[in-house]
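Visitor: Encoded as structure tokens, here's the structure I'll be asking about.
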Amino acid sequence: MDDDYLLPGDDPAKDLIEFESELRRTAFHAPVLLRIRRACPARRLQGRRPRETARPQPRLQPRRPLDHLPPLHRRGIRDQRREEERPDLTCKAVRNAHSRDKSEGAVMSDEDDDPALVVISLGAGVQSTVLALMACEGELPKPDAAIFADTGWEPKRVYDHLDRLEHSLSEAEIPLYRVSAGNLRDDALDPDHRYCSVPYFIRNPDGSDGMGRRQCTDEYKLTPIKAKVRELLGCPHPKRVPRGVFAEQWIGFSVDEIGRVRDRLDVQYARPRYPLLELGMSRKDCVRWLRVHGWGSVAKSACKGCPFHGNAQWRDLRDNHPDEWADVVEFDRQIRKGGARGQPLNGEAFLHRSRVPLDVAPIDRVTRSEWAERQGDLLDLIADVDAGLWEDGDPDGCSPYGCRSGTAVAEVEVGEHALPDRRAA
């Protein structure tokens, strides 16, 4: 070893370790350290730490956030973590204490909870009507109540249907509660009323498109229903609902509306349940069920001027309900600058997605989704036949060499022979 790098001391290897630590604080120490390791074998033997102690101890990795996962996956992972963190109740004394607390109501698990009451969120549309009538017919367990949130701007045929439905519910001893937070149309045009955002279609000053926020559903539908549920539970606001006390709320989402289903609870005192999903019923199945039971067609439950109307709904208002159509056209004219209260819009608001006045909007155009609804389905036809809804059948029967004509065959004379004429089909 060169004398330039020797340090005084009794233990050369210990002195070299201290010298290395000093060199690591300088900028250019790598060549010097290399020369020391090559020149002093004792440094390599005595100064090196054992391998098992040189390695850093493994650290607990923090739990990864679950925000990037779908809601159902997040819920499953959280349940798994909660199960892993649950204490091991192997001690007999601990098990007895746990069961005693559970019997006293101090500890309650979701699996063992029973709802204090069952209510139907009744929108008076096709699916929720089927839920209510199934309960009346005994095909579903009898609920404790049905709640209808009235926005004050529903079509008249919806109110007529609701009156008929209330009669059937009363015969089954199921009370129907009508709740309301006001008249949505009047409140939107009242400068003294608090502003509630409606999802109008917006045309910005630069020509780009926009859309308003959707607050009307929460304020005029969900909030009144939640308030009524609290009242039925015996805990009206501001009284606190005890832990573990909740209502089971039936919502009429069918299998073709699976995208609207949420597993997140808005409040702990109301837990949703979707009986139509459990029965595997689609909207067409619900329509067929109503026809079989003599209820015919049911109007779509929505405000007259809902911006989410399709062209078919707008045409129905214009062609069959002129008074309601005139009311909606006047409302559309008055919302050009948004609500009557607050700052006016920089752009313009419209009810139709074309962002033109409703009375000149292209509502006669048949959209792709409407064409899809008009197309027949062989499975639906078979289901109608099984349900006894296709009484006449096809007039010409069915041939393995041709499709159903749909109209009776006319005979034409060709020489001495009579041949079927299908030109009229």
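Visitor: Quick check: anything in segment 289-296 of a type in the set (Phe, Trp, Tyr), assigned by TED's automatic domain parsing to the domain that holds ASP263, touching a residue at least 40 places away in the same chain (Cβ under 8 Å) and assigned to a helix (DSSP H, G or I)? First the steps, then the outcome.
Guide: Going residue by residue through segment 289-296, those that are of a type in the set (Phe, Trp, Tyr) are 289, 295.
Then keep just the ones that are assigned by TED's automatic domain parsing to the domain that holds ASP263; that gives 289, 295.
So of that shortlist, the ones also touching a residue at least 40 places away in the same chain (Cβ under 8 Å) come out as 289, 295.
The next check asks that each one be assigned to a helix (DSSP H, G or I); those that pass are 289.
Checked against the condition, which is being of a type in the set (Phe, Trp, Tyr), assigned by TED's automatic domain parsing to the domain that holds ASP263, touching a residue at least 40 places away in the same chain (Cβ under 8 Å) and assigned to a helix (DSSP H, G or I), segment 289-296 yields at least one hit.
Visitor: When you check GLU166 against the structure, is it in a helix (DSSP H, G or I), free of Cβ contacts under 8 Å to residues at least 60 places away in the same chain and either on the phi < 0 side of the Ramachandran plot or not assigned by TED's automatic domain parsing to the domain that holds GLU248 (or both), yes or no?
Guide: Yes; evaluated as a whole, the condition is true for this residue.
Visitor: Please find, among LEU290, LEU277, the residue that is farther than 27 Å from VAL366 by Cα and out of contact with any Phe, Trp or Tyr (no Cβ under 6 Å at 6 or more places or on another chain).
Guide: Details: LEU290 fails: farther than 27 Å from VAL366 by Cα.
Step by step, each of LEU290, LEU277 is checked, and only LEU277 is farther than 27 Å from VAL366 by Cα and out of contact with any Phe, Trp or Tyr (no Cβ under 6 Å at 6 or more places or on another chain).
Visitor: Return yes or no: is LYS300 part of a loop (DSSP other than H, G, I, E, B) and closer than 15 Å to VAL158 by Cα?
Guide: Details: part of a loop (DSSP other than H, G, I, E, B): yes; closer than 15 Å to VAL158 by Cα: yes.
When the stated conditions are applied, LYS300 passes them.
Visitor: Hey, another quick one. Being part of a loop (DSSP other than H, G, I, E, B), out of contact with any strand residue (DSSP E or B) (no Cβ under 8 Å at 6 or more places or on another chain) and surrounded by fewer than 17 Cβ atoms within 10 Å (Cβ to Cβ) narrows it down to one of ARG341, ARG333, so name that one.
Guide: From the options ARG341, ARG333, the qualifying one is ARG341.
Visitor: May I pose another question? Quick one: which residue in VAL158, VAL179 is out of contact with any Cys (no Cβ under 9 Å at 6 or more places or on another chain), part of a strand (DSSP E or B), touching a residue at least 40 places away in the same chain (Cβ under 8 Å) and assigned by TED's automatic domain parsing to the domain that holds TRP295?
Guide: After applying the criteria, what remains is VAL179.
Visitor: Residues to consider are VAL356, VAL366; find the one that is in a loop (DSSP other than H, G, I, E, B), within 22 Å of GLN313 (Cα to Cα) and free of Cβ contacts under 8 Å to residues at least 12 places away in the same chain. Can you show your working first?
Guide: Working: VAL366 fails: free of Cβ contacts under 8 Å to residues at least 12 places away in the same chain.
On inspection, the qualifying residue turns out to be VAL356.
Visitor: May I pose another question? Report yes if some residue within segment 123-145 is in the same structural domain as ASP285 (by TED's automatic domain parsing), within 30 Å of TRP289 (Cβ to Cβ), at pLDDT 95 or above and part of a strand (DSSP E or B); otherwise report no.
Guide: yes
Visitor: Residues in segment 182-196 that are part of a helix (DSSP H, G or I) and either farther than 12 Å from GLU219 by Cα or at pLDDT 95 or above (or both): how many?
Guide: Looking only at that region, the number is 3.
Visitor: So, of the residues in segment 115-162 that are among the β-branched types (Val, Ile, Thr) and more than 15 Å from SER297 (Cβ to Cβ), which turns out to be surrounded by the most Cβ atoms within 10 Å (Cβ to Cβ)? Write out each step before concluding.
Guide: Let us first name the residues in segment 115-162 that are among the β-branched types (Val, Ile, Thr), namely 118-120, 126, 129-130, 147, 151, 158.
Applying the additional criterion that residues be more than 15 Å from SER297 (Cβ to Cβ) yields 118-120, 147, 151.
Details: VAL118: 17, VAL119: 24, ILE120: 26, ILE147: 23, THR151: 23.
Once the filter is applied, the top-ranked residue is ILE120.
Visitor: Against the condition crowded, with 18+ Cβ neighbours inside 10 Å, assigned to a helix (DSSP H, G or I) and not assigned by TED's automatic domain parsing to the domain that holds TYR159, how does TRP325 come out, does it pass?
Guide: In short, yes.
Visitor: In segment 288-346, what count of residues is obtained for those that are within 24 Å of GLN127 (Cα to Cα) and either among the small types (Gly, Ala, Ser) or modelled with pLDDT under 90 (or both)?
Guide: 11
Visitor: For segment 201-236: of the residues being assigned to a loop (DSSP other than H, G, I, E, B) and among the charged types (D, E, K, R), which is surrounded by the most Cβ atoms within 10 Å (Cβ to Cβ)? Lay out the reasoning, then the answer.
Guide: From segment 201-236, those assigned to a loop (DSSP other than H, G, I, E, B) are 204-208, 212-215, 233-236; that's our starting set.
In the following step, the residues that additionally are among the charged types (D, E, K, R) were identified as 206, 213-214.
Values: ASP206: 7, ARG213: 10, ARG214: 14.
Checking each candidate, the answer is ARG214.
Visitor: OK, next. Filter segment 261-287 down to residues that are more than 16 Å from VAL126 (Cα to Cα) and either at pLDDT below 90 or touching a Gly at 6+ places or on another chain (Cβ under 7 Å) (or both), then give me how many there are.
Guide: Going through segment 261-287 one residue at a time, the tally reaches 6.
The values are calculated or read from the model by the stated rules, or taken from the named source; none is laboratory data. Predicted model only: the values in this text are computed from it and were never measured. Ideal geometry is used to build each Cβ from the backbone, glycine not excepted, and the neighbour counts take in all protein chains shown.
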